[in-house]
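Down below is the structure, laid out as structure tokens.
The values are calculated or read from the model by the stated rules, or taken from the named source; none is laboratory data. Not measured: the values here are computed from a predicted model. Because the Cβ atoms are built from the backbone with ideal geometry, glycine has one as well, and the counts that use them run over all protein chains shown.
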Amino acid sequence: MTAATAAEQTAPEQGCAGQAGARQAVADAHRREWAFVLAATVRVAQDLDLAEESKLPLLVEPDEPAPHRLTDHDEADAAKLEDAVPDERLRLIFTCCHPTLAQQARLALTLRLVCGLPTPDIARALLVSEQTMAARITRAKKKISVARIPYRVPRPAELPDRLAAVLGVLHLLFTAGHTAPSGPALMRTDLADRALDLARALRELMPDEPEVRGLLALILATDARRATRTGADGRLLRLEEQDRSRWNRGALAEAHELIVAGLRGGRAGGRAEPDRAGVDAPRTGGRTDAGGGAGAGWPALPVPVPAGDQGRPASAPRSYGRGGGRVPAGAGADRQRG
Amino acid sequence: MAQYAILIFDDAAAGDYTPEQQAASQRHADDLVDSGAMIAAYALRSADTSLRGDAVTDGPFIDAKEVVAGVCVIEAPDLDAALDLARRNPAVQWGRGGVEVRPVAGGIAPVAR
């Protein structure tokens, strides 16, 4: 039974509007809870394919809270865990973004398994045929199982490299939504929303990671201009043409707070270089302060910009650490500076 | 536990390993044996001969800049652990090749002579 048919069954007497509302509610719940359910199921089933198939029935009761936190480990099982795992979703994200998978495969797997996006949608978003995408996802899943890519959160020593791969995927996802690589619309708001959701989740799960904070701030600050980036005819509006009173003040304030907290925290941990998103976020967020006047100047950057970063649009994707690689065609072409 | 083959590639034109490189390889192999991860290891000479159908060819099967210079089979719980061991192989750092890690599908232990 699919989520959609479940929606129809839970609201049979409410008519068309009610049905649409219920369907939307189920879709929302599906989007929110998918990763929780899948992640928990993978842990039990120890197999991604099996988990993906078996978790579907779990989603037909929208009133039931998703079993997203495993509380019934027996003692032996709990003892086997290397670390206390804050959330099953973290394991899932880190597995999907394992550096031994190709960058394209990481992105596809994350969309499929963490976001629950159907394969045809992923294929459209990443500009490949459905067959190619299905083959790519199958191959990646096969590598996870045959090569035994572990289903766990990396140890702290491994984290810099591994986290970079995850952040790279989130940034690509957001960029693909912010400036759509194909289609008539400038933005794919669904992809941008997914990226924001995931960045928020990651921030919740790893609140002390400066790069996570920086990426969330970057996404928030960039996305705050969403409503003003196109004119009535869908045409791109440059920054100076945008109605700044319609920028999302809440998102800007949140980004601002994250940035300021990040700067105040300094380069804790003796980092030689400020984190990448942490540099970009103030560059984008600097524009958040620009009152309503089109001529308002950008404040001076309070952080050093790494050599080679000058002149690069703040929202362009780049490779994070060694996890870098090819990006979807067109995703890097920031067609606007709004 | 799973088994992984670590294929050690070397620059075909780089000549033999230096005595220091040979010693480093030996130390790495000893470490793997001591840790219990080593299943088997072989260093290979060049001077290869390839066969396909009725054709016999002097040289490697695929002409490439890098050739397989050795292979070892290790045991590890997962890919991350196998990569940790593979990364310690000194050939990774010499700038004349590197290693490739592949899961083993099946095999037989070396037969005693």
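Annotations for the structure displayed:
- The single condition among (1) in contact with a helix residue (DSSP H, G or I) (Cβ under 9 Å, 6 or more places away or on another chain); (2) more than 11 Å from chain A (Cβ to nearest Cβ) that B:Ala105 does not meet is (2).
- Segments classed as strands (runs of 3 or more DSSP E), wholly inside segment B:1-92, with at least 3 members that are more than 30 Å from A:Pro150 (Cβ to Cβ) and of a type outside the set (Ser, Thr, Tyr): B:55-58
- Tally of residues being of a type in the set (Gly, Ala, Ser) and touching a helix residue (DSSP H, G or I) at 6+ places or on another chain (Cβ under 6 Å) across segment A:209-260: 7
- You will find that of B:Val67, B:Val33, B:Val73, B:Val104, the residue that is over 14 Å from the mean Cα position of the chain (by Cα) and hydrophobic (A, V, I, L, M, F, W, C) is B:Val33 and no other.
- Condition check for A:Ala176: touching a residue at least 12 places away in the same chain (Cβ under 8 Å), surrounded by 24 or more Cβ atoms within 10 Å (Cβ to Cβ) and within 14 Å of chain B (Cβ to nearest Cβ): no
- Any hit, segment B:50-72, residues being of a type in the set (Val, Ile, Thr) and closer than 17 Å to B:Tyr4 by Cα: yes
- Being over 30 Å from A:Val26 (Cβ atoms), in contact with a helix residue (DSSP H, G or I) (Cβ under 7 Å, 6 or more places away or on another chain) and without any contact (Cβ under 8 Å) to a residue 12 or more places away in the chain is not true of A:Arg152.
- Failed item, numbered, when A:Arg148 is tested on (1) within 14 Å of chain B (Cβ to nearest Cβ); (2) part of a helix (DSSP H, G or I): (2)
- A:Ala134 vs. criteria hydrophobic (A, V, I, L, M, F, W, C) and either surrounded by fewer than 22 Cβ atoms within 10 Å (Cβ to Cβ) or modelled with pLDDT of 80 or more (or both): yes
- When residues of segment A:91-118 are limited to those that are of a type in the set (Ser, Thr, Tyr) and within 14 Å of chain B (Cβ to nearest Cβ), the one surrounded by the fewest Cβ atoms within 10 Å (Cβ to Cβ): A:Thr100
- Some residue of segment A:101-122 being basic (Lys, Arg), closer than 25 Å to A:Arg225 by Cβ, in contact (Cβ under 8 Å) with a residue 60 or more places away in the chain and in contact with a Cys (Cβ under 6 Å, 6 or more places away or on another chain): no
Yes/no per residue for (1) under 23 Å from B:Gln26 (Cα atoms); (2) surrounded by 13 or more Cβ atoms within 10 Å (Cβ to Cβ); (3) among the aliphatic types (A, V, I, L, M):
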residue: B:Ala41; (1), (2), (3): yes, yes, yes
residue: B:Leu51; (1), (2), (3): no, no, yes
residue: B:Asp63; (1), (2), (3): no, no, no
residue: B:Cys72; (1), (2), (3): yes, yes, no
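- Positions within segment B:66-94 being out of contact with any Gly (no Cβ under 9 Å at 6 or more places or on another chain) and charged (D, E, K, R), in sequence order: B:Asp78, B:Asp80, B:Asp84, B:Arg87, B:Arg88
- Qualifying residues in segment B:93-106 (those that are outside any loop (DSSP other than H, G, I, E, B) and surrounded by 13 or more Cβ atoms within 10 Å (Cβ to Cβ)) - the one modelled with the lowest pLDDT: B:Gly97
- For segment A:151-164, filtering for residues that are of a type in the set (A, V, I, L, M, F, W, C) and within 13 Å of chain B (Cβ to nearest Cβ) leaves 3.
- Condition check for A:Ala140: small (Gly, Ala, Ser), crowded, with 20+ Cβ neighbours inside 10 Å and more than 14 Å from every other protein chain (Cβ to nearest Cβ): no
- Any chance B:Pro77 is surrounded by fewer than 15 Cβ atoms within 10 Å (Cβ to Cβ) and at the interface with another protein chain (Cβ under 8 Å from one of its Cβ atoms): yes
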